[in-house]
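> Handing you this structure, nothing more for now.
The values are calculated or read from the model by the stated rules, or taken from the named source; none is laboratory data. If you're wondering where the values come from, they're calculated on a predicted model, not measured in any experiment. Cβ sites come from the backbone with ideal geometry, for glycine too, and all protein chains shown count toward neighbours. For accessibility, only protein heavy atoms count, side chains too; no ligands or nucleic acids. Shrake-Rupley method; radii C 1.70, N 1.55, O 1.52, S 1.80 Å.
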Amino acid sequence: SLGYYTRAQQFPELTAGTLNSVLNNATFPMMATLQDKKDELIQTFSRLIKLSALVVFPAMAGLAVLSDEIILVLLGEQWLPASELLFWLALSYVFIPLSSLNLNLLNAIGRSDLFMKIDFSKVPIIAIMMVITFPISLKAVVIGKALTALIYFYMNGFMIGRLYDFGAFKQLACCWKGLIATVVMAFCIWGAKSFIETSIVGLAVGIIIGVVVYVAVLLVLKEEEAKVLLVKIRRRI
């Protein structure tokens, strides 16, 4: 069971975990310089939340929908039981970068006291979730982790809401285009792979369809931040 969990976790950790690390290092000095400019700080923070969501939402949704194909192609059939864990672990990592941005903002404005209060308040939630899920199954523990990550996001956003009137609900509201594009992308991948029997072909087709559909929906919705990302990617290429 530990082996299945470790193998499943490595994929979302590699993507969302790396993004989370980059965001923490890059955004702290940016937000710290704006701590005395409330409007400009929230405008920058809002854009960071949106950019993070535009990357992490489709990445984690793709890992979840293609979990079977990813495990079969990259690890082999003997690791197939890890695919169900990968599905839920991918969903649990959706909100981690967004939560980290909220905590990073608290540190950037010198409110490490609130940061510590939030961290300490999470301890009983972890304990309660483990007490409930651990006796059931490993899958229940992973589902509990996904639920806990969502609760953490709203807890972290609550403090930002009190300070700047830009809490978790408003943060998600500014990401609605990325959320819609992600849902459409996930359904298209799921529909396409159901007609393909070969895992490696299903993975390749799923990735291609996912990227094309996601970008297309964002362009139809006229998501400006998506255009910025595409320009930056073209320059690097």
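> Give just the number: which of (1) crowded, with 20+ Cβ neighbours inside 10 Å; (2) in a helix (DSSP H, G or I) does D119 not satisfy?
(1)
> Among the residues of the range 127-155, count how many are open to solvent by 70 Å² or more (accessible area, probe 1.4 Å) and either farther than 18 Å from Y5 by Cα or touching a strand residue (DSSP E or B) at 6+ places or on another chain (Cβ under 6 Å) (or both).
Residues that pass the stated criteria total 4.
> If you go through the range 69-81, how many residues are touching a residue at least 60 places away in the same chain (Cβ under 8 Å) and either open to solvent by 40 Å² or more (accessible area, probe 1.4 Å) or on the phi > 0 side of the Ramachandran plot (or both)?
Residues flagged as touching a residue at least 60 places away in the same chain (Cβ under 8 Å) and either open to solvent by 40 Å² or more (accessible area, probe 1.4 Å) or on the phi > 0 side of the Ramachandran plot (or both) within the range 69-81 amount to 4.
> Take the residues of the range 17-55 that are of a type in the set (A, V, I, L, M) and more than 20 Å from E223 (Cβ to Cβ): which is surrounded by the most Cβ atoms within 10 Å (Cβ to Cβ)? Let's see the steps before the verdict.
If we filter the range 17-55 for residues that are of a type in the set (A, V, I, L, M), which is where we start, we get 19, 22-23, 26, 30-32, 34, 41-42, 48-49, 51, 53-55.
Within this subset, residues satisfying the condition of being more than 20 Å from E223 (Cβ to Cβ) are 22, 26, 30-32, 34, 41.
Values: V22: 12, A26: 11, M30: 14, M31: 19, A32: 15, L34: 18, L41: 21.
Result: L41.
> I would also like to ask the following. So which helices (runs of 4 or more DSSP H) are wholly in the range 1-113 and hold at least 3 residues that are farther than 21 Å from G210 by Cβ?
The qualifying helices (runs of 4 or more DSSP H) are 2-12, 18-32, 38-65, 96-108.
Quick grid of which residues meet (1) at pLDDT 90 or above; (2) in a loop (DSSP other than H, G, I, E, B); (3) under 15 Å from L63 (Cα atoms):
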position: V183; (1), (2), (3): yes, no, yes
position: F187; (1), (2), (3): yes, no, yes
position: E197; (1), (2), (3): no, yes, no
position: V201; (1), (2), (3): no, no, no
position: G210; (1), (2), (3): yes, no, yes
position: V215; (1), (2), (3): no, no, no
position: V231; (1), (2), (3): no, no, no
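> Can you find even one residue in the range 105-113 that is over 29 Å from Y5 (Cα atoms), basic (K, R) and within 19 Å of the chain's Cα centre (by Cα)? Working first, answer last.
Step one: of the range 105-113, the residues over 29 Å from Y5 (Cα atoms) are 105-113.
Subsequent filtering for residues that are basic (K, R) retains 111.
Now narrow it down to the ones that are within 19 Å of the chain's Cα centre (by Cα): none.
Looking through the range 105-113, none of the residues is over 29 Å from Y5 (Cα atoms), basic (K, R) and within 19 Å of the chain's Cα centre (by Cα).
> Against the condition of a type outside the set (D, E), over 15 Å from the mean Cα position of the chain (by Cα) and under 24 Å from D113 (Cα atoms), how does M130 come out, does it pass?
no
> Quick one: L14 ticks every box in (1) crowded, with 19+ Cβ neighbours inside 10 Å; (2) closer than 23 Å to W190 by Cβ except a single one, so which number is it?
Evaluating L14 over (1) crowded, with 19+ Cβ neighbours inside 10 Å; (2) closer than 23 Å to W190 by Cβ leaves (1) as the failure.
> Can you pull out the residues in the range 184-213 that are open to solvent by less than 70 Å² (accessible area, probe 1.4 Å), of a type in the set (A, V, I, L, M) and under 18 Å from the mean Cα position of the chain (by Cα)?
V184, M185, A186
> Residues in the range 56-68 that are open to solvent by 10 Å² or more (accessible area, probe 1.4 Å) and either over 12 Å from F87 (Cβ atoms) or in contact with a strand residue (DSSP E or B) (Cβ under 6 Å, 6 or more places away or on another chain) (or both): how many?
3
> Starting from the range 25-39, keep only residues that are closer than 19 Å to F115 by Cα, then list their pairs with residues that are open to solvent by 70 Å² or more (accessible area, probe 1.4 Å) whose Cβ atoms are within a distance under 8 Å, requiring at least 6 positions of separation or different chains.
L34/E40
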